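**Q** Let me give you the structure first, and then I'll get to my questions.
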Amino acid sequence: MLLIGNILGAALVGACAAMGVRGGYPQMYMGRRSFGRTGGYLPAALNWLSTAGWFTVNTILGAFALQVLWGSLPFWTAAGILVAVQTAIVIYGHNLIHAFERVMAAVLGVLFAIATIVALTHWDRISAYHGSAAGRTVSVAAIVLAASFSYVMSWSPYASDYSRYLPEGSSLGRAFLYTFAGAGLASFWLEILGALVAILAVGAARALPIDALDQVMGGFGTWAVIAVVLGACAANALNLYSNTMSARVMDLKLARWQLAVAGGALGFVLALVGHVNFLDNYTNFLLLLDYWITPWLAIVLVDFYVLRHQRPEEFRLSRPIGTRGLVCYLLGIVASIPFMSGSYFTGFLAPHLGGADFSYFIGFAVAGLAYVLSERRALVQI
């Protein structure tokens, strides 16, 4: 289920990245073709919140890692250091982010490869772990599928932000394939590594979540924790840059560096507020925010790949309100509500599915189908 979830989620990210090659605009901007200029404010605002939320979570984890490296470092100082570095990268812009991510891909690839080898040297303990019978049910498998899918899929509203400057005539297929492989393999690999570390850390006393990684890795623990810090910076450079792109789609009249500073400041404040109980608070918060993505994705992808609206001017010259897009989007949201499963809200059908959250798939299917049918009806009327 973990593999299937990553494949499905990475396929959506790849499809969105390929859109940037042809459309040449940021992801949320291209959604204007279906939702309209003003109508696009809604998904852009939701994506602004999502990116701020993910920025906060990664800042918290990175700050915890810095505290493991320097035990006397206060949380606010650790978080402030990370936010300052991440914001500076974003202020310098798209080209620096690409260069930074290329270096981080190599560095983190090596560090996490070594961490995987270290974890596998304890194979006797890993193979002896059987877990509880409750963890081997169909409902747990379904939850793993939904969770792994939703994590990778949540990068989709960013994807073309980083592919839009590829040379004219670049292959959509290659853009899809490289993004699909990179997103899917990296996510699946690190989720497996995380599971191995969790098994090895069973029963270990730890003050911070990152302590488990430090303890399990032994002599490589410091480097593994450094990888977490660098990984947080790499992820947050993307989160904060796309945060500024979403603000631009809402037509906020501020320079991009000002938007980056504002987003970074918000993330810093949220990190200070939420780091104490962040696992409960932010996991549920981000899962709740992710519910908006798949219905929006279905409409945008159907419009681009099925209805073949792919010319740059179609995104630039969008109408004020895309009524059909907004209606189909709301239909997808409404249809997904009975299947939602979280601590804040549980739909009436979710308990019958073992608590698994299938709302992502339902919202995607309903919104996409409704949009295709509405387009055909509009053509018939014409």
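The values are calculated or read from the model by the stated rules, or taken from the named source; none is laboratory data. For clarity, every value in this text was computed on a predicted model and none was experimentally measured. Counting neighbours? That spans all protein chains shown, and the Cβs are built from the backbone with ideal geometry, glycine included. Side chains included, ligands, DNA and RNA excluded: accessible areas come from the protein's heavy atoms. Shrake-Rupley method; radii C 1.70, N 1.55, O 1.52, S 1.80 Å.
**Q** Of the numbered conditions (1) open to solvent by less than 60 Å² (accessible area, probe 1.4 Å); (2) out of contact with any His (no Cβ under 7 Å at 6 or more places or on another chain); (3) farther than 20 Å from Phe188 by Cα, Val103 fails exactly one; give the number of that condition.
**A** With respect to (1) open to solvent by less than 60 Å² (accessible area, probe 1.4 Å); (2) out of contact with any His (no Cβ under 7 Å at 6 or more places or on another chain); (3) farther than 20 Å from Phe188 by Cα, Val103 is out only on (1).
**Q** Here's a follow-up. What are the pairs, 6+ residues apart or on separate chains, where a residue within segment 267-287 that is at pLDDT 65 or above has its Cβ under 8 Å from a residue that is part of a helix (DSSP H, G or I) and open to solvent by 70 Å² or more (accessible area, probe 1.4 Å)?
**A** From segment 267-287, the pairs are Leu272/Trp76.
**Q** Let me ask something else about it. Looking at segment 199-213, can you tell me whether even one residue there is touching a helix residue (DSSP H, G or I) at 6+ places or on another chain (Cβ under 9 Å), buried (at least 23 other Cβ atoms within 10 Å of the Cβ), outside any loop (DSSP other than H, G, I, E, B) and modelled with pLDDT under 95?
**A** Looking through segment 199-213, at least one residue is touching a helix residue (DSSP H, G or I) at 6+ places or on another chain (Cβ under 9 Å), buried (at least 23 other Cβ atoms within 10 Å of the Cβ), outside any loop (DSSP other than H, G, I, E, B) and modelled with pLDDT under 95.
**Q** So how many residues does segment 316-345 have that are more than 18 Å from Leu301 (Cβ to Cβ) and at pLDDT below 85?
**A** Number satisfying all stated conditions: 7.
**Q** Regarding segment 230-253, can at least one residue be identified that is assigned to a loop (DSSP other than H, G, I, E, B), of a type outside the set (D, E, K, R) and under 25 Å from Ile91 (Cα atoms)?
**A** yes
**Q** Any chance segment 175-192 includes a residue that's open to solvent by less than 50 Å² (accessible area, probe 1.4 Å), in a helix (DSSP H, G or I) and either among the hydroxyl-bearing types (Ser, Thr, Tyr) or modelled with pLDDT under 90 (or both)?
**A** Within segment 175-192 (the criterion being open to solvent by less than 50 Å² (accessible area, probe 1.4 Å), in a helix (DSSP H, G or I) and either among the hydroxyl-bearing types (Ser, Thr, Tyr) or modelled with pLDDT under 90 (or both)), the answer is yes, since at least one residue qualifies.
Conditions (1) over 30 Å from His352 (Cα atoms); (2) in contact (Cβ under 8 Å) with a residue 24 or more places away in the chain, marked per residue:
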| residue | (1), (2) |
| --- | --- |
| Ile97 | yes, yes |
| Ala113 | yes, no |
| Ile126 | yes, yes |
| Val144 | no, yes |
| Ala159 | yes, yes |
| Gly173 | yes, yes |
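**Q** For Ala99, indicate whether it is within 23 Å of Asp211 (Cβ to Cβ) and in a helix (DSSP H, G or I).
**A** Details: within 23 Å of Asp211 (Cβ to Cβ): no; in a helix (DSSP H, G or I): yes.
Answer is no for this residue.
**Q** Going by the structure shown, is Thr87 under 17 Å from Ala232 (Cβ atoms) and at pLDDT below 95?
**A** In short, no.
**Q** Within segment 254-265, which residues are open to solvent by 40 Å² or more (accessible area, probe 1.4 Å) and part of a helix (DSSP H, G or I)?
**A** Arg256, Trp257, Gln258, Val261, Ala262, Ala265
**Q** Could I ask something else about it? Sort out for me the helices (runs of 4 or more DSSP H) sitting completely within segment 21-69 that have 2 or more residues that are open to solvent by 30 Å² or more (accessible area, probe 1.4 Å) and under 30 Å from Gly218 (Cα atoms).
**A** Numbers: elements: 27-30, 32-35, 41-69.
Here the list reads 41-69.
**Q** Does Ile117 satisfy being open to solvent by 50 Å² or more (accessible area, probe 1.4 Å), in contact (Cβ under 8 Å) with a residue 40 or more places away in the chain, more than 27 Å from Ala45 (Cβ to Cβ) and not hydroxyl-bearing (Ser, Thr, Tyr)? Walk me through how you get there before you give the answer.
**A** On the way: open to solvent by 50 Å² or more (accessible area, probe 1.4 Å): yes; in contact (Cβ under 8 Å) with a residue 40 or more places away in the chain: no; more than 27 Å from Ala45 (Cβ to Cβ): yes; not hydroxyl-bearing (Ser, Thr, Tyr): yes.
So Ile117 does not fit the description; no.
**Q** With respect to Ala15, determine if the residue is assigned to a helix (DSSP H, G or I), farther than 21 Å from Glu191 by Cβ and modelled with pLDDT of 95 or more.
**A** So Ala15 passes the test.
**Q** Out of segment 313-371, which residues are over 19 Å from Ser154 (Cα atoms), free of Cβ contacts under 8 Å to residues at least 60 places away in the same chain and in a loop (DSSP other than H, G, I, E, B)?
**A** Selection gives Leu317, Phe345, Gly347, Phe348, Leu349.
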